[in-house]
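Worksheet for the structure shown next.
The values are calculated or read from the model by the stated rules, or taken from the named source; none is laboratory data. Worth saying up front: this structure is predicted, and the values here are computed from it rather than measured. As a convention, Cβ positions derive from the backbone with ideal geometry for all residues, glycine included, and neighbour counts pool all protein chains shown. Ligands, DNA and RNA are excluded from the accessible area calculation, which covers all protein heavy atoms including side chains. Shrake-Rupley method; radii C 1.70, N 1.55, O 1.52, S 1.80 Å.
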Amino acid sequence: MSEHAGKNPVEEIRRDDIGEALFPVIPRDDQSFWIQYVDIGTADFPYIEPLLRESFADWREQNLSSFAASGAEWFLFSHEGEAAAGDPALIGRLQDESEHAGWLSLARREAVLVPAGRHEGAYMQKRATLAAPVFTRSGGDVFAVLGCAVPEEEAPGMLRLVEMGAAHFRTCFYQRLEYSFIHDTLYTRHAQTSALNGDSALFRMVRRLYDKFNVDGVLEELLRIVLVLHPSARCQLLMTQDYQSSNPQLKVALLDQHKHDICMTAFMRGSVEVEQVPTSEHPHRIEAALPLAGHQGIYGVFHFVLDLPPDRLDTRLLGMVSDTAGKAFENAKLYEQSNLLIRELLLINELTKRLNQNLHLSDVFSFAIQELMGIFRADFCCILGDNPADQRFDVMACSLPELEGSSFSRDYGYGGIVLRTQEPLIVSDHQESSIPSRFMEVSEARSMIAAPLISNGKTMGAVLLAQREHHYFSYENFKLLQMLSTHIGLAVANATLHAELQRIANRDTLTGLHVRRHLDERIHNHQLEGSKGSLLVIDIDRFKQVNDTYGHQIGDSILQQVSAIMKNSIRMTDVSARWGGEELAVYFPETTLEEALIVAERIRSLVEQETRPSVTVSCGVAEWSAEDTTISVESLFYRADMALYQAKNSGRNRIRTAVAE
């Protein structure tokens with residue numbers, strides 16, 4: 001037997017002298033292995049189509065034998081629902097369909113099966129479509145949809161295979177993405193050894209920064225450049241304003257301007273700062289701070305720590321990258337602000353147009369609450385009305401039913417502050433505030449923004465928006481609410497003026513009673529919805545004689561006295577009106593003839609006793625019910641008028657009734 005028998009020759013190759021593996025396994029939780037955390041953000045989606053095609057080719061090559069037997073035709077859609085790869089004939093047929101699994105899966109963010117019967121084309125009516133979304137690693141955003149078309153009989157049980165295929169495609173995609181990062185890293189390291197400080201490398205970095213038109217893209221590209229130059233760097237972004245990053249590798253915090261450290265030094269000087277911070281375990285540890293400086297100011301500091309001798313850190317290159325990143329950041333911020341301003345102007349225009357379409361105050365409040373909660377994604381909204389005469393403010397409308405109709409002192413809570421100061425207000429965390437607020441307590445909210453409702457220089461009320469999360473509302477939200485509240489205030493003023501004009505138009509100026517047109521409308525509306533009602537018509541006896549004897553001023557006084565007696569004798573739900581001349585009328589909704597007669601007798605007797613000079617009235621009463629053959633305002637008035645005619649002809653100062661037809 002050979003002396004090598006029983007030995008594995010590969011074993012000698014796979015281990016070194018001390019027995020350690022030549023290919024060590026790196027744990028998944030090892031934070032220094034940054035490549036496994038590489039991900040794409042929504043800002044990268046428009047640029048990944050070539051990577052999608054290559055990944056699809058890899059996936060198809062690896063699964064060619066697995067799915068061949070099913071007769072499936074495969075397709076890949078981008079995040080916008082556009083075809084990125086797949087069978088050309090199938091993609092052409094899918095574009096002719098109004099509904100298929102690819103678009104539905106993208107919209108629903110879940111795996112979808114569309115049966116053949118829901119397709120329109122002759123070929124597709126024999127095939128079902130299935131699709132599953134592909135999500136990013138960290139953000140959970142859908143960046144692609146993988147799907148297929150299969151014969152109808154093959155569809156059952158195929159959806160699970162499509163989901164598995166999408167998961168495998170995701171692996172192929174990130175494998176390709178990691179290849180790209182490794183390629184860039186190797187390329188950059190190679191360039192560093194040859195001509196890292198050359199113009200070509202710097203131009204490439206500058207071009208990538210200026211290619212980004214959003215703030216997230218600029219900061220992510222700056223992070224990428226630093227990690228390419230120094231893969232082991234631990235990075236942090238310190239901003240002068242609140243900012244949230246979707247990239248898990250980029251830790252964002254507010255710049256503490258009271259601390260005297262390297263970041264504050266870089267912020268104040270506007271230059272790259274480097275300091276040695278050696279420890280016993282890391283004797284060559286340094287930290288660097290790159291200011292994000294634009295033409296209008298310094299927006300923050302990019303801070304990172306790495307283990308590297310100071311002489312190997314190219315501060316000149318970092319300074320150029322920092323200067324370029326600051327200007328690219330400023331450009332992106334201005335671009336985003338211009339787009340935001342355009343959206344805000346369109347929003348204000350649409351909101352104003354729709355607000356002015358509502359002339360009823362309750363409709364204005366309801367629409368404003370609904371729209372504001374949608375625009376700001378707020379959990380709660382409340383609109384207050386100022387009542388300076390009583391030194392109080394009232395809750396006119398609120399998304400919390402418990403607060404509707406409530407009234408508070410004008411110096412209470414956040415609403416009182418806004419009404420007194422006529423200035424907007426933002427509260428980042430109510431739990432850190434000592435100001436009482438029933439609105440915040442009932443809603444259990446922590447963030448709030450508020451703005452006064454002003455029209456013609458007069459504060460009419462305030463609008464409050466609240467959210468359960470703390471530090472939820474941004475300064476942009478604060479400014480936008482300030483603009484929108486002006487237009488809401490104008491809409492409230494218009495609706496209030498319209499209501500006042502309607503009230504004036506519906507009232508008789510002498511008696512304060514409603515005019516006949518309003519009475520007709522109220523009776524007509526009640527006859528459409530109610531079950532019964534009664535009408536009382538009153539005529540002042542010998543009124544012409546009163547005018548001839550005492551004069552028209554006394555005649556007007558008699559009309560006012562009788563009207564006051566009539567108004568004090570009826571319910572809030574009853575409708576009183578001046579029917580014409582010395583004739584008055586009262587409509588009693590949901591009231592029988594017998595009940596109306598009691599009120600009529602009370603009015604008749606009080607008029608006889610209390611008017612000065614003393615006059616009497618004659619009354620006619622009629623009723624209607626749902627069982628009547630003819631139901632109309634005209635027939636009801638005719639019968640009541642006939643009853644009044646009978647009262648006049650039978651001696652006056654009495655009441656007569658008419659029965660329903």
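See the values below:
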| item | result |
| --- | --- |
| Accessible surface of ARG60 - all protein chains present, 1.4 Å probe, nearest 10 Å² | 80 |
| Residues with amide H under 5 Å from that of ARG392, placed H, sequence gap 5 or more | ASN387, ARG410 |
| For q = 0.06, 0.07, 0.11 Å⁻¹, Debye-computed log10 I/I(0) when each Cα of the chain counts as one equal scatterer | -0.64, -0.77, -1.21 |
| Protein accessible area in segment 48-135, 1.4 Å probe - carbon and sulfur % | 50 |
| Residue (of VAL38, PHE329, TYR179) at the positive-pole extreme of the chain, dipole from beta-carbon charges | PHE329 |
| Net +/- balance of residues flanking GLU402 in space, Cβ distance below 14 Å, scoring K and R +1, D and E -1 | -2 |
| Extension gain from GLU120 to SER65, taking 0.36 nm per residue of separation minus the Cα-Cα distance | 16.8 nm |
| Given charges at beta-carbon only (K, R positive; D, E negative), |dipole| of segment 530-661 in Debye | 420 |
| Ranked packing of 210-221, 474-485, most packed first, by mean Cβ within 10 Å | 210-221, 474-485 |
| Accessible surface, per residue, of segment 510-613 when the full set of protein chains is kept, probe 1.4 Å, Å² | 49 |
| Isolated Cys residues of the chain, judged by Cβ distance under 4.7 Å to other cysteines | CYS148, CYS172, CYS235, CYS263, CYS381, CYS619 |
| Cα gyration tensor category, rounded, prolate or oblate, for segment 332-448 with a/c compared to 1.5 | oblate |
| Surface share of carbon and sulfur [accessible, 1.4 angstrom probe, percent] for segment 324-445 | 48 |
| Whichever lysines have a C-alpha closer than 27 Å to that of LYS327, once near sequence neighbours (fewer than 8 apart) are set aside | LYS212, LYS251, LYS259, LYS479 |
| Farthest toward positive dipole pole in segment 299-446 [+1 Lys/Arg, -1 Asp/Glu at C-beta], among VAL395, ALA378, ALA368 | ALA368 |
| Karplus (6.51, -1.76, 1.60) ³J(HN,Hα), θ = phi - 60°, over segment 267-273, in Hz, Gly and Pro reported as x | 5, 6, 8, x, 9, 5, 10 |
| Residues with amide H under 5 Å from that of VAL38, placed H, sequence gap 5 or more | none |
| Highest-first arrangement of 175-184, 642-651, where packing means the average Cβ count within 10 Å | 642-651, 175-184 |
| Residue among VAL277, HIS258, PRO310 farthest towards the positive dipole end of the chain, charges placed on Cβ | HIS258 |
| Helix-only [θ]222 nm of the chain, DSSP H runs n ≥ 4, -39500 (n - 2.57) each, per residue, nearest 500 | -14500 deg cm²/dmol |
